[in-house]
Structure formats: C-alpha cells, structure tokens
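All remarks here apply to the structure that follows.
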Amino acid sequence: MQGFVRMMRVDLGYDPHNTMSVGIPVHDNTYLTWEARRTYFSQLLQKVSAMPEVVSAGFPQCHSSK
C-alpha cells in the first residue's frame, strides 16, 4: 500500500488536471493496412486539434511490425 501511495505522489513533469486519455479501437475489417490506419488517425488528430477547447493533442508513437 505504501508503494501505491508513493506512486500516486510522483511528479509527472506536467499538470495532469484537464488531461484526457481515450482509447480508440480499430474494429475488425476496417483500416486493414497500416497506411489506412495512419491516415485515419492523422485525420482524427487534425479534427480533435481544431476544436477550440483543445490546447494540445497527440497520439503515442506506434510502430507497425513489417
């Protein structure tokens, strides 16, 4: 329990308030190639970034297994 409490107090290097993390599933039989997925996520990032309330948006770097 003490380890968990220490972990909750770790300085993250940024203010996590007003931060949101959302899982975005890719359903079966959609965006079948890595290029199609990359295009989908790029378009989604552009749309989210254009929202007036959004200060910053991004996706974690993912690598395809080619």
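Restricting V26, V22 to those that are at pLDDT below 90 and surrounded by 10 or more Cβ atoms within 10 Å (Cβ to Cβ) reduces the list to V26. Of all residues in region 2-34, those that are at negative phi and either assigned to a loop (DSSP other than H, G, I, E, B) or under 18 Å from the mean Cα position of the chain (by Cα) (or both) total 22. S65 meets all of the listed conditions (1) open to solvent by 100 Å² or more (accessible area, probe 1.4 Å); (2) at pLDDT 85 or above; (3) polar (S, T, N, Q) but one, namely (2).
The values are calculated or read from the model by the stated rules, or taken from the named source; none is laboratory data. Remember, it's a predicted structure, so these values are computed and weren't measured experimentally. Methodologically, a virtual Cβ is constructed for each residue, glycine included, from the backbone with ideal geometry; neighbour enumeration extends over all protein chains shown. We work out accessible area using only protein heavy atoms, side chains counted, and drop any ligands, DNA or RNA first. Shrake-Rupley method; radii C 1.70, N 1.55, O 1.52, S 1.80 Å.
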